[in-house]
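Report on one structure; see the data block that follows.
No lab work stands behind these numbers, since they all come straight from the coordinates. Since the structure is predicted, the reported quantities are computational estimates derived from the model, not experimental observations. Glycine gets a Cβ as well: all are built from the backbone with ideal geometry, and neighbour counts include every protein chain shown.
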Amino acid sequence: MALLLALTFAFHYDSPSLTPAQLQWFSRFDVLVTHEPLPRAQVDALHKAGTKLFLYEWSVAFYDTLANPWQRSLIHTEAVLNATPLRGGAGSNDADAWYFDPVHMTARASQLASKLRAAGYDGTFLDTTTVANVHPEALKEFRRRHPDVDYDEAFAKFLAALKREHVLIFTNQGYRDAEHYLPYADWDLTESLIGSRSRDEAVALFEQLPRRQYPHVHFAHLEYANAEQTVAISRLFAEPGYVPGVQTELYFTGKR
């Protein structure tokens, strides 16, 4: 008997609106992550179909050119770590970025929650999580300011504040620091965990995910090639797999 998948997920980063065909396709998924807010009519149509919507958020920083008024008000305050903009690291080599100080991010939770409510979204997708994605110069400043504070422990307080705002949270690779991220996550993405690994290597890594410790978390597996393998390995654990840009009925096989 085939394993049943409780939920399915998809990502759409191409444009801030969907074509009729895309709207029909994505309405088949339980969760859709978009980079920009969709038009409200499309949000309503997806909700009517039962799809939950998550909006992209760079977890550790924001770009200068994309900053909203609230983010811009943080520059040159204790809320950001760098006194001058930074490039590279986990961010773009061609765009200036400002890195949040997680010790001073309580207000960020209410600001993000308000943004999601205004867009009609259910939650946020937090990309590039954990201290590993903080620019080295910003991290140096964090450690100078807070020598006795762990970065991810401080970030966890932001996540807790976000949960108090009744926001659904979809982390990217939160499992890498499960203690600080997964207590607050509803979903966690294992982006490129399979990659070019053999099936046995990938399965061994899947087996190490902390499912028993965090039974409330839906693990979701995203790759950039080979939808058949991605879905097949994910299915071994009754979890969903997805490859952006690939439409296949495999995503829904065995779905409740």
**Message:** Restricting to DSSP H runs of at least four residues, report the calculated mean residue ellipticity at 222 nm for the chain, -39500 (n - 2.57) per run over all residues, nearest 500 deg cm²/dmol.
**Reply:** -9000 deg cm²/dmol
**Message:** Under a Cβ-only charge scheme (Lys and Arg +1, Asp and Glu -1), can you give me the dipole magnitude of the range 38-148 about the Cα centre, in debye to the nearest 20?
**Reply:** 280 debye
**Request:** Give the angle, between 0 and 90 degrees and rounded to the nearest 10, that separates the Cα long axis of helix 151-164 from the longest principal axis of the Cα atoms of the chain.
**Result:** 70 degrees
**Message:** What distance in nm lies between label points placed 7 Å from Cα along the C-beta direction at ASP150 and ILE75?
**Reply:** 3.4 nm
**Message:** Which of the three applies to the range 164-235, rounded, prolate or oblate, going by the alpha-carbon gyration tensor with a ≥ b ≥ c and a/c under 1.5 meaning rounded?
**Reply:** prolate
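Classify the range 1-61 as rounded, prolate or oblate, taking a ≥ b ≥ c as the square roots of the eigenvalues of its Cα gyration tensor: rounded when a/c is under 1.5, otherwise prolate if a/b is larger than b/c and oblate if not.
Numbers: a/c = 2.13, a/b = 1.28, b/c = 1.67.
Judged from the Cα gyration tensor, the range 1-61 comes out oblate (a/c at least 1.5, b/c at or above a/b).
Given Cβ point charges of +1 (Lys, Arg) and -1 (Asp, Glu) and nothing else, what value in debye, to the nearest 20, does the dipole of the chain about its Cα centre take? Each step should come with its number before you reach the end.
Details: 24 positive and 31 negative charges, 127 e Å.
That gives a dipole near 600 debye.
What full-extension length gain, to one decimal in nm, is calculated for VAL246 and LYS115 as 0.36 nm per residue of separation minus the Cα-Cα distance?
Full-extension gain reported as 44.2 nm.
Strictly greater than 19 Å: what percent of every Cα pair in the range 33-159 meets that? Spell out each step's value before the answer.
Working: 4050 of 8001 pairs.
Value for the range 33-159: 51 percent of Cα pairs lie more than 19 Å apart.
Suppose a student asked you for the relative contact order of the range 177-256, using Cα pairs under 8 Å spaced at least 6 residues apart; what percent would you report?
Numbers: 91 pairs, mean separation 22.2, N = 80.
Computed value for the range 177-256: 28 percent relative contact order.
For a test of the definition: using alpha carbon positions, the gyration tensor, and the 1.5 limit on a/c, classify the chain as rounded, prolate or oblate. Please list the in-between numbers first.
Working: a/c = 1.86, a/b = 1.41, b/c = 1.32.
In terms of gyration-tensor shape, prolate.
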**Complete:** Distance in nm between LEU236 and THR106 label points, each 7 Å along Cα→Cβ, equals 4.6 nm
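With a cut-off of 8 Å between alpha carbons and a minimum separation of six or more residues, what is the relative contact order of the chain in percent? Walk me through the intermediate numbers first.
Working: 440 pairs, mean separation 49.1, N = 256.
Dividing the mean separation by the residue count of the chain yields 19 percent.
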**Message:** Quick check: the distance between the Cα centres of the range 72-113 and the range 190-246, to the nearest angstrom?
**Reply:** 31 Å
